[in-house]
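Every number in this text was worked out from the coordinates using simple rules, so none of it is lab data. Please read all numbers here as calculations on a predicted model, not as lab measurements. All Cβ positions, glycine included, derive from the backbone under ideal geometry; neighbour counts span all protein chains shown.
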Protein chains: 2
Amino acid sequence: MKQIEGGITAAKGFKAASVAAAIKYQNRKDMAMIYSTAPCKAAGTFTTNVVKAAPVLWDKKLVETAPFVQVVVVNSGIANACTGKQGFDACKATAKAVKEALDVSVDACLVASTGVIGMQLPVEKLANGVKAMASQLDDSTEAGTAAAKAIMTTDTIHKEIAVSFTAGGKTVTLGGMSKGSGMIHPNMCTMLGFLTTDIAIEKSLLQEALSRVVQDTFNMITVDGDTSTNDTLLIMANGLAENEPITTKGEDYQNFLDALFYVCEFLAKKMAGDGEGATKLFEAKVVNARSKEDARTLSRAIVASNLSKAAIYGCDANFGRFLCAMGYSGAEFDQNDVELFFESSEGRLQVFDKGTPIVFDEELAAKILGASEVTIYVDMNEGDAQATAWGCDLTYDYVKINADYRS
Amino acid sequence: MKQIEGGITAAKGFKAASVAAAIKYQNRKDMAMIYSTAPCKAAGTFTTNVVKAAPVLWDKKLVETAPFVQVVVVNSGIANACTGKQGFDACKATAKAVKEALDVSVDACLVASTGVIGMQLPVEKLANGVKAMASQLDDSTEAGTAAAKAIMTTDTIHKEIAVSFTAGGKTVTLGGMSKGSGMIHPNMCTMLGFLTTDIAIEKSLLQEALSRVVQDTFNMITVDGDTSTNDTLLIMANGLAENEPITTKGEDYQNFLDALFYVCEFLAKKMAGDGEGATKLFEAKVVNARSKEDARTLSRAIVASNLSKAAIYGCDANFGRFLCAMGYSGAEFDQNDVELFFESSEGRLQVFDKGTPIVFDEELAAKILGASEVTIYVDMNEGDAQATAWGCDLTYDYVKINADYRS
């Protein structure tokens with residue numbers, strides 16, 4: 001497997017377009033389209049929030065029931081959540097506009113939205129946007145990058161990646177883009193993610209691979225603990241790589257799983273590090289825990305704690321906050337087993353040793369925590385399970401961004 | 001029942017003292033003592049955090065097993081959490097100093113600490129503090145207030161209250177003090193609370209009353225979702241009111257329960273409104289929910305959400321965030337049943353009506369949210385259970401306080 005240039009247009013047969021439709025933002029692109037020249041198998045994972053936005057309901061049904069999909073239309077600015085029947089009608093209107101412009105059936109068109117909750121989408125602007133994008137579809141890297149930029153809200157950088165690997169002697173490509181920032185928390189968070197691949201694979205295996213990889217990637221990031229109404233991760237596989245279709249969990253499936261993990265971890269870490277107002281990527285690695293679930297729970301609790309996040313922002317070696325977060329996470333453990341370390345490109349320092357604080361070099365600790373990527377490494381010494389979670393620091397700018405997001 | 005002047009020294013036989021012991025803070029009082037001239041029945045509720053500070057372990061055991069207690073010693077500055085055997089020894093040394101100074105047995109002395117985790121207490125300074133306080137015990141209102149100030153950390157105001165009521169024809173008094181601020185979250189949060197009463201009551205009923213009242217008061221507040229290692233609420237009852245001892249759940253018990261609720265709700269709201277960096281008290285009232293547990297879960301989720309809290313700070317009528325928080329709370333409901341209102345001294349405004357957003361007067365909304373106490377009122381229209389939760393807004397100052405708490 002190797003990382004290659006590009007994102008959603010890297011795999012064979014995938015094209016993208018984007019446009020400034022003035023949905024809510026002015027003077028920037030706010031709609032994107034992904035189109036596959038061939039029908040695709042689709043899989044997805046969606047928000048666990050009881051309040052699901054209209055596009056989530058729309059996509060969930062299509063992913064489960066539609067024989068194939070071919071298009072995704074995304075808008076930023078308005079989330080189309082808490083919008084009642086009118087919101088669902090907006091999804092339908094979008095798919096109808098796609099049908100008119102591209103001759104793709106209504107139930108082959110997925111939709112996604114991100115932005116303010118509780119506002120209705122301007123349907124005519126959406127339809128105009130679809131029409132404009134349909135005429136500009138392009139398989140260039142630039143078209144993919146422009147789409148990745150159009151779906152951003154409070155993101156400061158666009159997120160895209162592509163890899164290639166071999167399956168059944170053929171070169172297969174997998175690309176993706178995502179947007180994140182605020183409201184990011186397991187399970188499936190205000191994140192939209194779109195993956196495109198030319199692999200030939202059975203639909204059930206595609207879903208199984210996605211669901212499995214999400215557990216250790218997108219579901220291990222948190223920005224603020226809020227699980228949004230709109231979280232959506234979609235993958236489309238059009239089979240144009242012409243590999244022998246994957247129908248069992250053999251070597252080809254494993255190669256695909258590895259590539260999928262690489263792509264999802266890359267996008268997840270980018271989202272965590274680009275949390276609203278964030279100045280650094282905050283990683284918690286828990287090893288030798290009693291169970292995988294405990295390791296996940298403990299590592300997520302560390303990166304989710306406001307107090308931990310504020311300490312990381314201030315480079316304050318206040319390690320008690322990490323132990324405290326582990327303590328209320330719900331996982332059982334004995335603090336007298338725990339060892340805690342700070343790690344970054346600036347060094348490694350133990351601060352807690354099986355129940356007892358260590359007198360450490362404060363200057364070195366501040367230097368380690370001052371790096372742009374900081375890891376809290378926790379050895380539980382109670383088992384052999386491990387997990388890693390990612391988040392970001394809590395800053396003045398987080399508050400600023402969210403105190404007046406709508407204006 | 002009526003509210004009266006004072007706090008922990010209001011009830012008969014209770015004295016207090018406080019001192020500047022230079023535990024960690026300089027130039028301010030940082031130790032407090034509560035003493036009862038008569039032996040007390042004691043009850044308590046403690047943090048649910050797996051990582052329990054040494055004083056929590058010490059008190060839990062005494063509350064469960066000691067025949068009576070007579071003294072509480074509290075320090076601020078250092079939490080004595082994650083401190084191993086040395087930390088537990090510090091509790092013992094404190095109780096021994098009390099025994100020497102006041103001739104109270106070691107297992108009649110409760111201790112409590114709040115402050116930085118992972119630092120050891122300076123035992124000699126503690127012992128000196130105990131000695132100094134033992135010689136200054138005083139039943140004046142001023143002594144109680146000074147104690148309430150000595151236990152503060154990042155609190156901006158001290159919290160105390162007292163009420164009197166009648167039981168068995170006798171006047172009974174109940175007083176209390178608490179400290180809160182950061183790390184406040186159900187269940188039992190970085191809060192220390194101390195209640196003193198001269199009522200005569202059976203120990204098991206005292207514990208039952210406290211555990212019941214905590215559910216709807218202290219456990220319904222949140223500042224940042226972090227449940228601390230040190231949370232402790234203690235009540236001591238010395239029987240000096242000379243009422244017929246309460247042994248059944250009759251009228252006297254009910255009067256006591258009402259007084260306890262009033263005192264605990266008062267202290268809980270004060271703590272929520274004085275959360276770190278807070279500029280306002282943020283209340284969520286959920287009515288007509290399917291069950292009491294759902295009502296609690298929903299209301300707590302609203303006040304716990306960083307995004308909700310930031311919106312409240314910015315007076316941003318972004319009601320979707322409240323619905324979003326309800327959606328990921330874990331409670332089941334149908335958004336098409338829900339009505340949502342903003343309320344404060346400035347007015348009342350409906351913003352969401354059974355699945356559909358309402359076009360509302362933004363100026364009025366901002367005015368309502370601009371008050372110093374703001375309520376999100378949610379009618380679930382699905383049952384008859386209700387609950388209220390309290391929190392505060394998320395501000396720049398929260399980040400500032402917690403980015404460098406230790407220095």
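Segment A:1-48 and segment A:348-407 have Cα centres separated by 34 Å. Take each residue of peptide B:315-322, count the partner chain Cβ atoms within 10 Å of its Cβ, and average: the result is 6.
Classify segment B:9-111: rounded, prolate or oblate, from the alpha-carbon gyration tensor (a ≥ b ≥ c, eigenvalue square roots; a/c under 1.5 rounded; otherwise prolate if a/b is larger than b/c)? Taking the square roots of the gyration eigenvalues as a ≥ b ≥ c, segment B:9-111 is oblate. In a fully extended conformation the segment linking B:F88 and B:K61 would gain 8.5 nm over its present Cα-Cα distance, using 0.36 nm per residue.
Of the GluC sites (Glu not before Pro) found in segment B:298-348, those in coil by DSSP whose Cβ has at most 14 other Cβ atoms within 10 Å are B:E332. The label-point distance for B:T156 and B:Q120, in a model that sets each label 7 Å from Cα toward Cβ, rounds to 3.7 nm. Lysine pairs in segment A:218-377 whose alpha-carbon atoms fall under 27 angstrom of each other, counting only those eight or more residues apart or on distinct chains, come to 22.
Spacing of the modelled spin labels on B:M1 and B:S372, each 7 Å from Cα toward Cβ, amounts to 2.4 nm. For the protein assembly as shown, adding -39500 (n - 2.57) for each run of n ≥ 4 DSSP H residues and dividing by the number of residues yields -10500 deg cm²/dmol at 222 nm. Between this copy and the others, label points of A:Q136 are 7.3 nm apart in ascending order, each placed 7 angstrom from Cα in the Cβ direction. Put simply, the amide H of B:F352, placed in the peptide plane, has neighbours under 5 Å in B:L340, B:I358, leaving out anything fewer than 5 places away on its chain. Restricting segment A:223-273 to GluC sites (Glu not before Pro) that sit in a DSSP loop and have at most 16 other Cβ atoms within 10 Å of their own Cβ leaves A:E242.
Could you rank the peptides B:197-208, B:107-118 by their average count of other C-beta atoms within 10 Å per residue, with the highest value first? Spell out each step's value before the answer.
Values: B:197-208: 21.2, B:107-118: 26.1.
By packing density, highest mean first, the sequence is B:107-118, B:197-208.
Only aspartates and glutamates eight or more places from A:K15 in sequence, or on another chain, were considered; those with a Cα closer than 13 Å are A:D138, A:D139, A:E142, A:D198. With no solvent and one point on each alpha carbon, what is the Debye value of log10 I(q)/I(0) for segment B:281-403 at q = 0.11, 0.13 Å⁻¹? Each listed q corresponds, in turn, to -0.33, -0.46. Take each residue of peptide A:84-91, count the partner chain Cβ atoms within 10 Å of its Cβ, and average: the result is 2. Distance from the C-alpha centroid of segment B:81-137 to that of segment A:105-164: 63 Å, rounded to the whole angstrom. Nearest-to-axis residue in chain A, judged by Cβ distance to the rotation axis that brings A onto B and given in whole Å, is A:Y396, 2.
Rounded if a/c is under 1.5, else prolate if a/b is larger than b/c, else oblate: which is segment B:166-322, with a ≥ b ≥ c the root eigenvalues of its Cα gyration tensor? It is prolate, given that a/c is not under 1.5 and a/b is the larger ratio. Using equal-weight Cα scatterers in the Debye expression, the normalised intensity of the protein assembly as shown in log10 at q = 0.06, 0.09 Å⁻¹ is -0.42, -0.86. Taking each residue as 0.36 nm, the span from A:D258 to A:E362 lengthens on full extension beyond its C-alpha to C-alpha distance by 33.5 nm. Shown for B:L349, A:L195, A:L340: other C-beta atoms within 10 Å of each C-beta, ranked fewest to most, produce the order B:L349, A:L340, A:L195.
Partner aspartates and glutamates whose Cα lies under 20 Å from the Cα of A:K61, excluding those fewer than 8 positions away in the same chain, are identified as A:D89, A:D107, A:E202, A:E208, A:D231, B:D334.
Averaged over the residues of peptide A:302-313, the number of Cβ atoms from other protein chains lying within 10 Å of each residue's Cβ is 5. Sort out for me the Cα centre separation of segment B:271-323 from segment A:310-329, rounded to whole Å. The distance from the Cα centre of segment B:271-323 to that of segment A:310-329 comes to 24 Å. Against the empirical curve 2.2 N^0.38 Å, the C-alpha radius of gyration of chain B lands at a ratio of 1.00.
Can you sort B:R300, A:R290 so the residue with the fewest Cβ neighbours within 10 Å comes first? Display every interim value, and only then the final one.
Values: B:R300 26, A:R290 17.
Taking fewest neighbouring Cβ atoms as first place, the list is A:R290, B:R300.
Summarising the amide proton neighbourhood of A:T154: residues at separation of 5 or more, or on other chains, whose placed amide H is nearer than 5 Å comprise A:G182. Of the residues A:M133, A:M31, A:M271, which exhibits the maximal mean-square fluctuation in a Gaussian network model of chain A defined by a 10 Å Cα contact cut-off? In this elastic network of chain A, the residue with the biggest mean-square fluctuation among A:M133, A:M31, A:M271 is A:M133. Across A:N306, A:N255, A:N336, mean-square fluctuation computed from a Gaussian network of chain A (C-alpha pairs under 10 Å connected) peaks at A:N336.
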